[in-house]
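This report refers to the structure that appears directly beneath it.
The values are calculated or read from the model by the stated rules, or taken from the named source; none is laboratory data. Just so you know, these numbers come straight off a predicted model, no measurement behind them. So basically every Cβ, Gly included, is an ideal-geometry build from the backbone, and we count neighbours across all protein chains shown. SASA here: full protein model, heavy atoms, side chains in, ligands and nucleic acids out. Shrake-Rupley method; radii C 1.70, N 1.55, O 1.52, S 1.80 Å.
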Amino acid sequence: AQKITQTQPGMFVQEKEAVTLDCTYDTSDPSYGLFWYKQPSSGEMIFLIYQGSYDQQNATEGRYSLNFQKARKSANLVISASQLGDSAMYFCAMREPDITGTASKLTFGTGTRLQVTL
Amino acid sequence: DVKVTQSSRYLVKRTGEKVFLECVQDMDHENMFWYRQDPGLGLRLIYFSYDVKMKEKGDIPEGYSVSREKKERFSLILESASTNQTSMYLCASGQGGTKETQYFGPGTRLLVL
């Protein structure tokens, strides 16, 4: 079963508008973390925002906010006031505790390609 | 700023060749990771390392090995490259802990002919 699901392969948004990128996840562990990364055409993965499962408030980082709905197991990324430079692939990822207690592994979704238009 | 570098942005190799992909991080991070990225599949973890000389298999380790002789350097080795290993390879590092964030390098696009 997919642990991270991104149902939108592609999205368009006009410049200066807000856009929501969907992400749902599946875990039975009460302790987990959710991440969003941006990947421009250059290929580098850029960390955007983090939400912990015990965090009471939705995470925000500048124009990025995370709409965290725990009961629905969703962690949608909201980008406000879109800019042309926001055109990129966006990946949602989840970290679950590693059973060995060593490093925590990330599981990624398949990504959403966002295109910002004039 | 965290800096993760990878030895090559583009690489072309022939089937059967031994391939080394190098990754270096400058933030003294404990953990390092190798992923491959394929269209429609997202990123999949190949191997990770949580300390020097320590390594663990990820989700798709077959056909790969890794080496971590120094804390800052994590190498991915394709013992005998095959065409199905043509992919984008991404290295990441992280400090560990409950809020660990992984920081990625620019990626290496490998083509195996």
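Using only Cα atoms, what Kirkwood radius does chain B have, in angstroms?
Hydrodynamic radius (Kirkwood, Cα only) of chain B equals 13.9 Å.
Kindly state, as a whole number, the per residue volume in cubic angstrom of the convex hull around the alpha carbon atoms of the protein assembly as shown. Numbers along the way, then the final one.
On the way: hull volume 28.6 nm³, N = 231.
Taking the convex hull of the Cα positions in the protein assembly as shown, it is 124 Å³ per residue.
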Quiz item: If you wrap a convex hull around the C-alpha atoms of the range A:1-111 and split its volume per residue, what is the figure in Å³?
Solution: 111
Quiz item: Restricting attention to the range B:30-75, which trypsin sites (Lys or Arg not before Pro) occupy a DSSP loop and are surrounded by at most 14 other Cβ atoms within 10 Å?
Solution: B:Lys53
Quiz item: Across the residues of A:107-116, average count of Cβ atoms on other protein chains within 10 Å?
Solution: 3
Quiz item: From the residues A:Gly62, B:Gly105, B:Ile77, which one has its Cα farthest along the dipole of the protein assembly as shown in the positive direction, the dipole being from +1 and -1 charges on Cβ of Lys/Arg and Asp/Glu about the Cα centre?
Solution: B:Ile77
Quiz item: Could you give the radius of gyration (one decimal) and Dmax (whole number) of the Cα atoms in the range A:37-83, in Å?
Solution: 12.0, 36
Quiz item: In debye to the nearest 20, how big a dipole does chain A give about its Cα centre with +1 on each Lys and Arg Cβ and -1 on each Asp and Glu Cβ?
Solution: 120
Quiz item: Using a 1.4 Å probe, how large is the accessible area of B:Met27, given in Å² and rounded to the nearest 10?
Solution: 80
Practice problem: Just list whichever of A:Lys3/A:Lys73; A:Lys38/B:Lys70; A:Lys3/B:Lys55; B:Lys13/B:Lys55; B:Lys18/B:Lys55; A:Lys73/A:Lys105 have alpha carbons separated by over 22 Å in the model shown. | Solution: A:Lys38/B:Lys70; A:Lys3/B:Lys55; B:Lys13/B:Lys55
